[in-house]
1. Go through (1) buried (at least 23 other Cβ atoms within 10 Å of the Cβ); (2) within 16 Å of ligand 1 (Cβ to nearest atom) and name the single condition Val237 misses.
2. Here are some residues: His180, His173. Which one is within 16 Å of ligand 1 (Cβ to nearest atom) and either surrounded by 18 or more Cβ atoms within 10 Å (Cβ to Cβ) or in a loop (DSSP other than H, G, I, E, B) (or both)?
3. Among the residues of the range 32-62, write down those that are crowded, with 17+ Cβ neighbours inside 10 Å, of a type outside the set (A, V, I, L, M, F, W, C) and closer than 15 Å to Ser14 by Cβ.
4. In the range 128-152, which residues are within 16 Å of ligand 1 (Cβ to nearest atom) and surrounded by fewer than 16 Cβ atoms within 10 Å (Cβ to Cβ)?
5. What number goes with the only condition from (1) in a helix (DSSP H, G or I); (2) on the phi > 0 side of the Ramachandran plot; (3) not aromatic (Phe, Trp, Tyr) that Leu256 does not pass?
6. Test each condition in (1) in contact with a Lys or Arg (Cβ under 9 Å, 6 or more places away or on another chain); (2) at pLDDT 95 or above for Pro76 and report the one that comes out false.
7. I'm trying to understand the selection: among the residues of the range 60-109, which are more than 16 Å from ligand 2 (Cβ to nearest atom), closer than 24 Å to Leu210 by Cα and of a type in the set (Val, Ile, Thr)?
8. So which residues in the range 298-326 are of a type in the set (Lys, Arg), at pLDDT below 95 and farther than 21 Å from Ala251 by Cα, if there are any at all?
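The values are calculated or read from the model by the stated rules, or taken from the named source; none is laboratory data. Quantities reported herein were computed from a predicted structural model and do not represent experimental measurements. Cβ sites come from the backbone with ideal geometry, for glycine too, and all protein chains shown count toward neighbours.
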Amino acid sequence: MNVVRPFKSLSDLSEAGLLQGRDKAELEKVSARYAIAVTPTIAGLIDPTDPVDPIALQFVPDTAELHVTPEERADPIGDHAHSPVEGIVHRYPDRVLLKAVHVCPVYCRFCFRREMVGPQGLGTLDAAAMTAAFDYIRSHDEIWEVILTGGDPLVLSPRRLADIMGELASISHVKIIRFHTRVPVVDPQKIDAALIDALKRSGKTVYVALHANHPREMTDEARAACGRLVDAGIAMVSQSVLLKGVNDDPAVLASLMRAFVETRVKPYYLHHPDLAPGTSHFRLTIEEGQKIVAALRGRISGLCQPTYILDIPGGYGKAAIGAQPIRHMEDGCYIVSDFQGREHTYPPT
Ligand SMILES: *Cc1c(COP(=O)(O)O)cnc(C)c1O
Ligand code: SF4
């Protein structure tokens, strides 16, 4: 049993030796604005003597977060624009987000919902709001998929999860239930028989989308937790955020994607970082991102290729932004580039 408690304040992090060499007075301003949490599992992966440790960069607060640029916005992907009832975001016809909780076991310093999550965030939906959310899903028979996100929905107890799955089980047009979570990596013991039973309760097809950004997160324990989910018949995909200093390197990303595939987690999305407040130190240009993604093509198996995605600010949805390998010529032919950058022609028909 893991008896070490999570670190939820600057003094917790300081006691754990994770704030060495940092300006604690300035960090107080960060902590006043954005939530902090690091699980013991994640703390154990950090090398406190490395000032650019890729795990620390993701979770340990940094004074760079105080710098907000004019382009950044509190609701970078426009959740509010498409929220018909509390906790539901309905942007695409066939699927909705259900944000039942706004709490996470860890708080990522680059989080796109950093203004909504945490102890001062939007909280957990109460029973009346949950009923209204289920009524919305029930009354829209075009909703084929429900995506539980937040926050991290796997912080809920197995009993609460079983209740949610039981409600969704009664809605026949919902075929797929997807969870977006970091729990298998940041708190792998939580993926136990009770939680898996709860996820299976609906009898529907369940997908778990695992958020991880650096190969060091894919420890033996994390892989075993994913293995328990997949063995139980739950399909897994990955999502990662392309982050400067963490994984903006084809070798690091290749190793992360391979770790996913070795664990039976199919790489799904690689997100360009969103315009969340105080996160410019994590952002690279889209051109830099395209070069990194193109380098993965030749380097690793097709099973390991994620789709490079931008969430368009303002609530317009996602766009695939990998560089196009094909150009249309005036004579109707195409020029297509191979993975080494050599160009070839392809006929019009
Ligand atoms: C990202 C997102 C989804 C899921 O998109 P997929 O491409 O199916 O992964 C659904 N709804 C909203 C509002 C989203 O932001
Ligand atoms: S786990 Fe997701 S919602 Fe929670 S802080 Fe990280 S990015 Fe944000």
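1. Among (1) buried (at least 23 other Cβ atoms within 10 Å of the Cβ); (2) within 16 Å of ligand 1 (Cβ to nearest atom), Val237 violates only (1).
2. Answer to the check: His180.
3. Of everything in the range 32-62, those that are crowded, with 17+ Cβ neighbours inside 10 Å, of a type outside the set (A, V, I, L, M, F, W, C) and closer than 15 Å to Ser14 by Cβ turn out to be Pro61, Asp62.
4. Answer for the range 128-152, where residues must be within 16 Å of ligand 1 (Cβ to nearest atom) and surrounded by fewer than 16 Cβ atoms within 10 Å (Cβ to Cβ): Glu142, Trp144.
5. (2)
6. Among (1) in contact with a Lys or Arg (Cβ under 9 Å, 6 or more places away or on another chain); (2) at pLDDT 95 or above, the lone unmet condition for Pro76 is (2).
7. Residues satisfying the conditions are Ile88, Val96.
8. none
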